[in-house]
1. What about residue C:13, is it in contact (Cβ under 8 Å) with a residue 12 or more places away in the chain, closer than 22 Å to residue B:101 by Cα and β-branched (Val, Ile, Thr)?
2. If you take the residues of the range B:64-113 that are surrounded by fewer than 21 Cβ atoms within 10 Å (Cβ to Cβ) and part of a helix (DSSP H, G or I), which of them is farthest from the other protein chains (Cβ to nearest Cβ)?
3. May I ask you to list the residues in the range B:436-452 that are within 7 Å of another protein chain (Cβ to nearest Cβ) and more than 17 Å from residue B:114 (Cβ to Cβ)?
4. Looking at residue A:41, is it part of a loop (DSSP other than H, G, I, E, B), of a type outside the set (Phe, Trp, Tyr), in contact with a Lys or Arg (Cβ under 7 Å, 6 or more places away or on another chain) and surrounded by fewer than 15 Cβ atoms within 10 Å (Cβ to Cβ)?
5. What tally of residues in the range B:719-741 results from selecting those that are assigned to a helix (DSSP H, G or I) and free of Cβ contacts under 8 Å to residues at least 12 places away in the same chain?
6. Could you please let me know if residue B:415 is within 11 Å of another protein chain (Cβ to nearest Cβ) and surrounded by fewer than 20 Cβ atoms within 10 Å (Cβ to Cβ)?
7. Take the range B:129-147 and flag every residue that is hydrophobic (A, V, I, L, M, F, W, C) and over 22 Å from residue B:507 (Cβ atoms).
8. Just to check your reading of the model, which residue among A:80, A:70 is without any contact (Cβ under 8 Å) to a residue 60 or more places away in the chain and of a type in the set (D, E, K, R)?
Amino acid sequence: MKFAVIRFPGSNCDQDCFSAINSIDGAQADYVWHKETSLRGYDAIVLPGGFAYGDYLRCGAIARFSPIMKAVIADARAGKLVLGTCNGFQVLCEAGLLPGALVRNRGLRFVCDMVTMRVEVADSPFTHGCAQGSLLRMPVAHGEGCYFADPETLRQLNEDRQVILRYANDRGEIVPDANPNGSIENIAGIVNRERNVFGLMPHPDRAADARLGSADGLKIFRSMMETIASGRAAAA
Amino acid sequence: MPDTIVDLTVTPELVAEHGLTPEEYERIKKILGREPNFTELGIFSVMWSEHCSYKNSRKELKKFPTTGPNILVRAGEENAGVVDIGDGWAIAFKIESHNHPSAIEPFQGAATGVGGIIRDIFTMGARPEFCLNSLRFGPITGDSPNLKTNRRLFAGVVSGIAHYGNCIGIPTVGGEIYFDESFEGNPLVNVFCLGVLRHDQLARGAARGVGNPVFYVGAETGRDGLAGAAFASRELTEESKEDRPAVQVGDPFKEKLLLEACLELLQRDAVAGIQDMGAAGLTCSTCETASRGGTGIEIDLAKVPKREPGMTPYEIMLSESQERMLIIAKRGQEDVVREIFEKWDVPCAEIGRVTDDGIMRVRNNGSIAAEIPAKPLADEAPLYSREVRKPTTENTEGAELLKKISVSSVSSVVNSLRQTLGDPTIASKNWVYRQYDHTVRTGTLVRPGSDAAVFEVKYANKILAATTDCNSLYCALDPREGGKIAVAEAARNLTCSGAKPLAVTDNLNFGNPYKPENFWQLREAVEGVAEACRAFGTPVTGGNVSLYNESPAGVVDPTPTVGMVGLIDKVEHVTTQWFKDEGDAIILVGEIGNELGGSRYLKVCHGKKIGPVPHVDLAREIEVQNATRELIRAGVIKSAHDCSEGGLAVALAESCFNPQKLFGAEVDLAAGETPAATVLFGEAQSRIVISIARDNLEKTMSILREHKVPFQQLGQVGGDTLRIRVNDQKFSWPIVDLHDDWWNAIARAVEGDASAERIPSL
Amino acid sequence: MKVNVIVKPKEAVLDPQGNAVRDAMRHLGMPEVKSVRIGKFMEIDVEGDDVDLEKKLHGLCRDLLSNPVIEDYELRKKS
């Protein structure tokens, strides 16, 4: 199963995504340079974390105009699985593939820490095998990860069960103290209405090895692989 | 056009303003066989500055041991030392200061410091894996008149480091931070970076191969960082005010592209030599590469990418614009260089070639702006032995005070531990490291907060431990002992994390070397560091010297920062400082001792910086560390914590602060006649607090006996209180309270004052 | 009174944000873009209107709103 890891100038978690995916049996990651124009042959697309174009204008604002983004958008519309972590989430929002926006952390400072999230939707293509209400632990590292959406968008997100993960405390409660960046309603990750594009601020790529504190991130990648496999089985 | 500046007549005043003595000027004339022009004067002044030539410190630096079986590139040979770590892999690492730029503009000063040290590492062909930093500021609590400035500098430096390191994607995994009055107005910002490479990837900063093309790659050149000499010359020429020298601004995004492009290029066998442009940018990189290559070099300034119009040769040669590199390509490989830098959208220009005449020749369109023999310029700066004088101030109040403190009441001792744990120097640095991305590159096995950072480099299958250490207070009281202890403590931190110390990089931060007392401190500290490095078998692979660290209030406490790297053989050996399980036995490896002088406790609780500082017996120290390492290898140790600032009381409390779950402990410190305050807070050396499962008690004791190191069983882990009994006195603290004092001290100091920080530039 | 404050990087100081945006604009079909400088724009509403207040504002522009080492500010009073 082939994953494309997009490299924008300034991506810096591309290598983390690459090695996390390649550590899974049956998964193979390739780097795809942002100047490429096609993603043919890939089963899934990953937009990694980092500071694409330095994030100097707004996070993800310049990256979304990279040549490869035309292919990402086209493949996403065609139903291919797209995962954006951290900066990748920001790019997906800027590109209009996901609703809402990520703004400066409430505390105005960059925050690097381990966070806990509660799985809100267990039957998404990205959270197969995670029980509803179960907890995932992953690192965050961002300065602009405060998720914002207007009330109407928020209402739709909730109604359509598009909020996949929320920041929670160790008991699974959605409380302000568990929210590292001030995201509205503790939102950590969302999917699009078609449920094939997933963005989250925490790093599944950095939670792929229990010795580093957590291997929960692998659940996301494995879930994507199951979705792809069952899609293939259905097509066959 | 300000071309007039080129033709400025070189007068004795101008020479003096460039920081050159009449004797040095004579030497320049002899090298050139004529008078230098203005540009050449500028070039000599930067190359012969302390920063580039180490003219005042080099004779002292020679005292460091620099050789060893693992050393692949020795100190001073290249931008950074390179050490073999086995299986064809090597590490390049170095520490460097950015003190003065950070004092002027903390955010950009610190940011460009990070950028500079990272370039030093990838110049060697190594992929930078992680950074540490060693920082010193004035107090951020208390009643210092400069409190606001101190906080602003502290917060600014931290966000500058975060900005650069986070954006470029190199984790900042550890370091140290001290606060003391002596650093008011002159903070110390020492940044360490380590990279990994295969032996055959090692790149050299030499201009080899006559006729090879010279490329300039990276950011355009602007009037950045034209300080000191250039600044003075400005007043003479009365250029427009807008042309004032500019503070260097770092661009981590550009450096990320430069890093990836350079590493990709180095894979392609197209490079004969590569050197970063740091201090004295184009000047230093051209003459040093030529000198190392035994060649000459010729460049044309008209071809250098420039940010601003109307820059003079003087300005271009002395600019300290960031994110630039000089690459000597192999002839015929020019297109490979262009292709790769175009891919990464990094400016790239062929600006000259390697010549055979040993001359650094700088053309500017048609004319010649400078023509200097490269080797004498790069390597023949004058070397000085400065006068030394031992300070004569006698401190007589020490003994008196120590006696008084020995009768401290129980309640005052109880308060003292809380006060000491809440001292920003001792307190948790979580407010700082939460702002640093310390998990990118997925190698951080031990996060910031334990004795040493532990980082796994998966592709090389190696586990590295690294630390920076120096107790400036000890060095102020006794620079020789302080230097020794800096090395001993660094090694102890590595040992506690399960590593065997390998090599050292050091950063000497001292005052004006022309003051004999300052130079005495430097010499003593260097000799102390050198002696300890020899004892541990950890050669010095390079580093940096920063002198003139003084503010109007006086000189900084001397600070020979030691950065030390070690190797951990197996992941099972990775050890942290925190207690792990209730009921485990707590053992002190080493002796309780009776040395209160120089302690953090005296400073924090009594406002005194008085000695005598603790004495380190290097042979004992090494045995304590060997024994601890053997216990770790034998698999019996659950936690190991170096006992340093704050003494046993702080070491025990910190061991209780497991990030997963707070533990209590019950210990009995039997110490004969020694007063409680000294037992609890004295900073005697060569001590490590370990915890082990009860079942392993016998095995542990027999290993310790074999090594003939003293040890003492102190008590056990458990409960929610830290209870310490010293002879017949009993002390106890709820661990939650101690943790709160320690964990939140810095946030309370900084966040409580919103005006401490300017609105960040970014 | 109402004032607008504009804070910009000084002319000679490198502006990495501006350069990144300039390059992106060029890539996106505007090679004519020569330079972009990025600063901050602040609208400030102050109770009262006299010379002393303006002086105070200038002081804060220097100490807080801008960093005089790398930035210039401009204070415009709205009528």
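1. In short, yes.
2. This residue is B:100.
3. Residues satisfying the conditions are B:439, B:442, B:444, B:445.
4. For residue A:41, the condition - part of a loop (DSSP other than H, G, I, E, B), of a type outside the set (Phe, Trp, Tyr), in contact with a Lys or Arg (Cβ under 7 Å, 6 or more places away or on another chain) and surrounded by fewer than 15 Cβ atoms within 10 Å (Cβ to Cβ) - is met.
5. Qualifying residue count for the region: 1.
6. Answer is no for this residue.
7. Listed by number, the residues that qualify are B:140, B:147.
8. The unique qualifying residue is A:70.
The values are calculated or read from the model by the stated rules, or taken from the named source; none is laboratory data. Fair warning: this is a prediction, and the values are worked out from it, not measured in the lab. Glycine also receives a Cβ, built like all others from the backbone with ideal geometry; neighbour counts cover every protein chain displayed.
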